[in-house]
């Protein structure tokens, strides 16, 4: 009997990593830890890491980023390792990238951390929205780096992965090889078109959130460092079958599921894109519509991989990223995940005080999930704050919402509307803030809205 040979996969491209630590750097991760993370990113992109080099310096060289001696060392090491691509752990300026490519020649491509992350995002964007967001980020990254031949994209070909395919390794998926000759004007026109399309997505999301508000379903946004276990937790909470993989950015497009809390309340839980240190600014801007799901959530559920050696630094990176997208004042519960992988799971309780409203859990086994859901319910429905508001009669829905969700201690009808004093769940403070009044208004001096 003739055996039919199975098709073999093409050999993985070989990547050499380069990290630089600058004097007075404020990075959350050490140089070594950041390179370990870069290696995970490279593996997620389908590369095999064959070596690395580091340099500590006061500031990058204005022309070549690295010093001349280090460039010679990297070139020698990369050639000995038969590397196909050299990946820098920071975003290179267009000039740095051009000069380095000249030095290393056409046989070894120069890629920076931003291009690598964009490549991974392109692999994992499976919805139209995700594809639009990634394509916009790619074009905005490429625009200042255009050359007459777009040599850094010369090996790319389209196909596969929705709008994102690869033939020849890490490049910028999405635009495709037919775009190699497109000039800056055409790229800018494409960027403008993508922004218009994403504004439509943003408007659609706004209408969707408005419908959710009318249904009075609180929303919980899952946030966390990439690979912390958010998708596994969503599956555990809701029974959803969201992709779970042990790699960075395994899921990109947001997934929302309804869950019922122990007290019978229903809430919507949304799994959002994972954060990472040095997240490209082009991605943050492109994913504005998605990130608004976080900004407008009633509660943030911060998932932390408590087994990671840099758990605190990763949690801080998430906090900084939330501030960068103007997410402030939203209540938070922290899930200290993967306690089942600790030598002593009970040791996680000793770390609870280091995080905001923390609950040790294992999303994989279900350990601590009941306590976590109770904490979510407490924050959404039981944790209340005192407030006084003057609500116009035309806002009857808000008057009803105060009575249904809050505790009314005093009510007074005026010509303009209803003065209410009482307590409301913390998640509704933002809703009532525009109508908040000083205590004097409640005591009869007339409404005095807080500015």
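The values are calculated or read from the model by the stated rules, or taken from the named source; none is laboratory data. Owing to the predicted nature of the structure, the values given are computational and were not obtained by experimental measurement. A quick note on method: Cβ atoms are made from the backbone with ideal geometry, for glycine too, and the neighbour counts reach across all protein chains shown.
Structural remarks
- With a requirement of 2 or more residues that are within 21 Å of residue 41 (Cα to Cα) and at pLDDT 90 or above, the helices (runs of 4 or more DSSP H) lying completely within the stretch 86-159 that satisfy it span 113-124.
- Filter result (free of Cβ contacts under 8 Å to residues at least 40 places away in the same chain and touching a helix residue (DSSP H, G or I) at 6+ places or on another chain (Cβ under 8 Å)) within the stretch 309-329: 326, 327, 328
- Within the stretch 207-214, not a single residue is at pLDDT 75 or above and either over 22 Å from residue 321 (Cα atoms) or assigned to a loop (DSSP other than H, G, I, E, B) (or both).
Per-residue answers, yes or no, for (1) in contact with a strand residue (DSSP E or B) (Cβ under 7 Å, 6 or more places away or on another chain); (2) assigned to a strand (DSSP E or B); (3) under 30 Å from residue 235 (Cβ atoms):
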residue: 333; (1), (2), (3): yes, yes, yes
residue: 351; (1), (2), (3): yes, no, yes
residue: 364; (1), (2), (3): no, no, yes
residue: 381; (1), (2), (3): yes, no, yes
residue: 385; (1), (2), (3): yes, yes, no
residue: 401; (1), (2), (3): no, no, no
residue: 412; (1), (2), (3): yes, yes, no
residue: 434; (1), (2), (3): no, no, no
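- Tally of residues being within 22 Å of residue 375 (Cα to Cα) and not in a helix (DSSP H, G or I) across the stretch 414-432: 3
- Cβ pairs under 7 Å, 6+ apart, first in the stretch 394-411 and in contact (Cβ under 8 Å) with a residue 40 or more places away in the chain, second surrounded by 14 or more Cβ atoms within 10 Å (Cβ to Cβ): 405/424; 405/425; 405/428
- Restricting attention to the stretch 221-268 and to residues that are in contact with a strand residue (DSSP E or B) (Cβ under 7 Å, 6 or more places away or on another chain), over 17 Å from residue 297 (Cβ atoms) and surrounded by fewer than 18 Cβ atoms within 10 Å (Cβ to Cβ), the residue that is modelled with the highest pLDDT turns out to be 260.
- Being under 18 Å from residue 427 (Cβ atoms), loosely packed, with under 14 Cβ neighbours inside 10 Å and not assigned by TED's automatic domain parsing to the domain that holds residue 257 is a property that does not hold for residue 329.
- Of all residues in the stretch 293-302, one or more are modelled with pLDDT of 90 or more, crowded, with 23+ Cβ neighbours inside 10 Å, farther than 22 Å from residue 431 by Cα and in the same structural domain as residue 374 (by TED's automatic domain parsing).
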